[in-house]
Each structure stands twice: as C-alpha cells, then as structure tokens.
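Quick notes on the structure that follows.
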Amino acid sequence: MNILVTGGTGYIGSHTLVELNQAGHDTVVVDNLSNSSRRSLDRVEELVGKRIPFYEVDIRDRQGLERVMTQHRFDACIHFAGLKAVGESVEKPWEYYENNIGGTLVLLDVMRRNGCKNLIFSSSATVYGDPAVIPITETCPKGHCTNPYGQTKSMLEEIMMDMQKADPEWNVVLLRYFNPIGAHPSGRIGENPNGIPNNLMPYVTQVAVGKRPELGVFGDDYDTPDGTGVRDYIHVVDLAKGHVAALKAIERRCGCAIYNLGTGQGYSVLQVVKTFERVNQVPIPYRIKPRRAGDIATCYSDPAKAERELGWKAQYGLEEMCRDAWNWQRNNPEGYGDR
Ligand code: NAD
Ligand code: UD1
C-alpha cells in the first residue's frame, strides 16, 4: 500500500516507517518537526535502503496537506501527529485541543475530499482512565481522563467513530497503546525527548548515562506486589509491527475496529529498574518520592483480540526493551544531536 504517515519523524512513527517499508509498503511522511528531528528520517532511510518522501507540513495547514494529497495517491493514513506531554497539556489545554483535535479535523476532511478513507489512529490506554477491569479488554468502558492530552485521544476516538458511522466507506482502526519503550535493535533510531523526560524509561536511561543523578520513584504505597506502579511496557518495534498488522483490518474493510497493543504482562517500576541494572550492568540510583498526581496503581492489557483478528502478538520481553533502550541512549547520548 501507499501510506501517508503523519508524525513520521517522531518516536513511534520512525519505528513504524521501518516496519512498513520492510514489509513492502511505500510511505510518505508529513511532520512539522515540533517534537522531532529530520535526522530520524535519514536513519530510517539508511535502515530500509530506500528514500522516503518528506514534507515539513503542519496537519493544521489545509493547503499544505492538500498539496501532499494531490501529489500522491494514498491507500491509507497512519496518524501519529500530535502533542503528547500529559503535564504540559494541563498547563496548555487550548494548545493541546487546537493541535490534536483541530489538526485531526483538518486531516480527516482533506482525506475524505481526496477519496482516502482508511485510517489508523494512535490512541492510548489512557482512555480507560482508572480501568474497571484488569487485564483491560477493548470492551472495558472508557474512563475519566484526568488531563487534556487524554481527553484529546478519547474525543478523537468518538469523532472518528461518528464519521465512520455516518459514512461506511471509512475504515478506522483505533490502536490503544500501552507503554511503548525501547528502541530499534540497531541503535540508529530511538526516543529523543525534549528537556526533562516525563516517562519512566527515558528517565532511567538518562540516569544510566550520567545526565541525571537519580530516578524519583513516584510512590511505593500502591496496592501492587512491591508498592510501585505496574504498567504494560511494550517494545516499540512490536508496537510498530502492530501497525503493519492493523492494515489487515483495513484490507478486510473492518468499518471501525479497536485494538489494545500491549504485551498483557504488567511490571512494577522497581522491576523495570532492577531488570535494567541486571541486563545492562549499570547502576540506577533511585529515591522514593510522593505519588505523581493522576497516576493509577495498575494498568495492563488483554491483547488477545489483536492476536485473534490481526495475527499480531508482542515478541520482545522486558530484558530486550531495557537492552535496546540503553543501546540507543549509550550510542546517541544527545539523541539526534540537533535539539
Ligand atoms: P512524538 O512526539 O515522538 O511524535 C509525534 C510527532 O508528531 C512529532 O514528530 C511531532 O513533531 C509531530 N507533530 C505534532 N503536532 C503536529 C502537527 N500539528 N502537524 C504535524 N506534525 C505534528 O510522539 P510518539 O511517542 O511517537 O507518539 C506518536 C503518537 O502516539 C502520538 O499521537 C501520541 O499521542 C500517541 N501515543 C504515544 C504514546 C507514548 O507513550 N509514546 C502512548 C500512547 C499514544
Ligand atoms: C503516561 C501518561 C499517559 C500516557 C503514557 C504513554 C501520565 C500521568 N500518564 O503513562 O497518559 O498515555 O504515559 O506512555 O503521565 N514513574 C516514576 N518515575 C518517573 C517516571 C515515571 O516512578 O520519573 C512511574 C509512574 O509513576 C508509573 C510508571 O513509572 O507508575 C510509568 O510512568 P510513565 O512512563 O510516565 O507512563 P504512565 O504514567 O503509565
């Protein structure tokens, strides 16, 4: 297929480009580079041995998107572009709604006007809020999102489902990611956070490389085996492959389909820290801190639906996630070196 990838220079987008191209698809990238480096695409091109057309276009720019859409005929769009920092979204709600919702509305309109009605969307386990059941299946009711970032994901899911209902020519696949970590095993692409990382693994790797003195562990009094928060960490390469598999749902003309992308296995913060230390032989000094506002105790998926319907199952374990995260950070201590 010929696929438009919005947000393709970002963390998950760049890994997905590799898997798509290696599976024989063609890709075109649109990104405004607000949270990514153009250099990630050079690395992807090097890994797949193929040139990937790139447009520095904001998805809110209707004319810019129209130009891309008329120059290429797309079979589907994988839509990663969006702002994703939870804390920042609480500080700047308008910016998050305008970018994520406003931008996606423009994208959807330009897509339908150009006859491309096949969409895969990056949603998040955050839409389950504090989940009603564990492990979380796709039928678990959506919960209350405590921040504007989560709200944008939940609202966009509703918008896309309504559009699909009104016009059955649309095929919409909503992928609810659990906690993507790690990097491509080559060490050539990985996560490149701006400033102080909010998420656990990039913080751990920055402590490991000596950029930060210690990790703060947010709470050790949760109702979990060791008191620290439990999450479903998934290797970013497995997650990327989930998008290639999701194209099967589009080919089958799924209408609207929702899939959890997780491993089904929960690990605590301290299990992640200990595994990282053991696998990579690097110490991670840490200190227990108060709980972080908005955090929940436990969140992990039941990923059976994706296996049953898409033939997709995560292959990598926590050890490989820790190994590859460190391999990327160690070889690229300044990320792509341009921000
Ligand atoms: P990322 O920030 O690395 O990638 C997002 C990309 O979108 C960036 O390259 C950024 O420059 C681009 N972008 C943002 N606004 C844009 C706009 N208006 N026009 C064009 N480009 C724009 O983030 P990521 O971790 O790769 O996440 C990709 C998607 O997956 C996001 O939608 C994110 O919300 C979602 N998601 C991520 C996680 C996670 O843990 N990383 C979890 C669940 C869902
Ligand atoms: C966070 C977002 C969520 C988003 C997800 C994507 C919040 C509240 N939620 O989820 O909306 O979809 O990222 O990956 O930010 N931790 C520490 N110390 C740290 C960082 C994290 O102890 O420095 C702990 C957290 O308390 C949590 C676990 O590590 O128990 C994972 O945290 P994180 O990587 O931020 O992911 P989530 O909170 O699951």
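Enumerate the calculated ³J(HN,Hα) couplings along region 286-299 in order (Karplus 6.51 cos²θ - 1.76 cosθ + 1.60, θ = phi - 60°), each rounded to whole Hz, writing x wherever the residue is Gly or Pro.
9, 9, 6, 10, x, 4, 8, 4, x, 6, 10, 6, 9, 8
What translational diffusion coefficient, to the nearest whole µm²/s, does region 176-313 have by Stokes-Einstein, given a Kirkwood radius computed over alpha-carbon pairs, a temperature of 10 °C and 1.306 mPa s viscosity? Walk me through the intermediate numbers first.
On the way: Rh = 16.5 Å.
D = 96 µm²/s.
List the residues whose amide H sits under 5 Å from the amide H of Ile258, counting only those 5 or more places along or on another chain, with H placed 1.01 Å from N in the peptide plane.
Under 5 Å from the amide H of Ile258 lie the amide H atoms of Leu174, each far enough along the sequence or on another chain.
From the Cα gyration tensor of region 153-226, with a ≥ b ≥ c the square roots of its eigenvalues, which class applies: rounded if a/c is under 1.5, or else prolate if a/b is larger than b/c, or else oblate?
Working: a/c = 3.18, a/b = 1.88, b/c = 1.69.
Taking the square roots of the gyration eigenvalues as a ≥ b ≥ c, region 153-226 is prolate.
Report the one residue of Asn194, Pro141, Asn21 whose Cα lies farthest in the direction of the positive end of the charge dipole of the chain (charges on C-beta: Lys and Arg +1, Asp and Glu -1; origin at the Cα centre).
Among Asn194, Pro141, Asn21, the one farthest towards the positive end of the dipole of the chain is Asn21.
Among Tyr316, Tyr96, which comes first, second and so on when ranked by fewest other beta-carbon atoms within 10 Å? Spell out each step's value before the answer.
Details: Tyr316 19, Tyr96 25.
By the 10 Å Cβ count, ascending, the order reads Tyr316, Tyr96.
Mind jotting down a quarter of the surface of the convex hull over the alpha carbons of the chain, in square nanometres, one decimal?
Details: hull surface 62.3 nm².
Across all orientations, the chain yields a mean hull projection of 15.6 nm².
Can you tell me the dipole magnitude for region 45-172 around its Cα centre, using point charges on the Cβ only (Lys, Arg +1; Asp, Glu -1), in Debye to the nearest 20? Write down the numbers at each step before the final one.
Details: 14 positive and 19 negative charges, 65 e Å.
I would put it at about 320 debye.
When the convex hull of the C-alpha atoms of region 111-155 is computed, what volume per residue in Å³ does it have?
On the way: hull volume 4.1 nm³, N = 45.
Spelled out: Cα convex hull of region 111-155, divided by residues, is 92 Å³.
How far apart, in nm, are the 7 Å Cα→Cβ label points at Val90 and Lys50?
4.3 nm
Residue farthest toward the positive end of the dipole of the chain, with Cβ of Lys/Arg at +1 and Asp/Glu at -1: which of Leu4, Met155, Val48?
The one lying farthest along the dipole's positive direction is Val48.
Where does the chain land at 222 nm, in deg cm²/dmol rounded to the nearest 500, when only DSSP H runs of n ≥ 4 count, each adding -39500 (n - 2.57), divided by all residues? Provide the component values of the computation, followed by the final result.
Numbers: 12 runs with 130 residues, N = 339.
Calculated mean residue ellipticity at 222 nm is -11500 deg cm²/dmol.
How high is the relative contact order of the chain, in percent, counting Cα pairs under 8 Å that sit 6 or more residues apart?
On the way: 677 pairs, mean separation 65.1, N = 339.
This gives 19 percent for the chain.
Order of Val272, Val237 from fewest to most other C-beta atoms within 10 Å? Don't skip to the answer; put the middle values down first.
Values: Val272 27, Val237 24.
The fewest-first ordering by Cβ neighbours comes to Val237, Val272.
How large is Rg/Rh for region 100-239, to two decimals, with Cα atoms and a Kirkwood Rh? Could the numbers behind the result be given before it?
Values: Rg = 18.2 Å, Rh = 17.8 Å.
Using only Cα positions, Rg/Rh for region 100-239 is 1.02.
Say the dipole of region 190-284 comes from +1 at the beta carbon of Lys and Arg and -1 at that of Asp and Glu; which of Gly219, Gly229, Cys256 then lies farthest toward its positive end?
Comparing the listed Cα positions along the dipole, Cys256 ranks first.
Rounded, prolate or oblate for region 202-277? Axes are the square roots of the Cα gyration tensor eigenvalues, ordered a ≥ b ≥ c, and the cut-off for rounded is a/c under 1.5. Show your work: numbers first, answer last.
Numbers: a/c = 3.68, a/b = 1.99, b/c = 1.85.
Prolate is the answer for region 202-277, as a/c is 1.5 or above and a/b outweighs b/c.
Counting Lys and Arg as +1 and Asp and Glu as -1, each charge on the Cβ, what is the dipole of the chain about the Cα centre in debye, to the nearest 20? Don't jump to the answer; show the numbers that get you there.
Values: 38 positive and 42 negative charges, 80 e Å.
With only Lys, Arg, Asp and Glu charged at Cβ, the dipole is about 380 debye.
What pairs from Lys92/Lys274; Lys84/Lys289; Lys153/Lys241 go past 29 Å between their alpha carbons? Spell out each step's value before the answer.
On the way: Lys92/Lys274 35 Å; Lys84/Lys289 24 Å; Lys153/Lys241 21 Å.
In this structure, Lys92/Lys274 exceed 29 Å between Cα atoms.
Averaged over every viewing direction, what's the projected area of the C-alpha convex hull for region 9-160? Give it in nm², one decimal, please. Don't skip to the end; give the middle numbers.
Details: hull surface 38.9 nm².
The number I arrive at for region 9-160 is 9.7 nm².
Quick one: which residues, 5+ away or cross-chain, put their amide H under 5 Å from the amide H of Tyr286? H built at 1.01 Å from N.
Distant-sequence amide H within range of Tyr286: Leu215.
For a bin width of 10 Å, list the pair-distance distribution of region 236-339 built from all Cα-Cα distances, rounded to whole %.
Pairs per bin, as whole percents: 12, 31, 32, 20, 4, 0.
Each value in this text was obtained by applying a stated rule to the coordinates, not by laboratory testing. Quantities reported herein were computed from a predicted structural model and do not represent experimental measurements. When we count neighbours, we look across all protein chains shown, and the Cβ atoms used for this are built from the backbone with ideal geometry, even at glycine.
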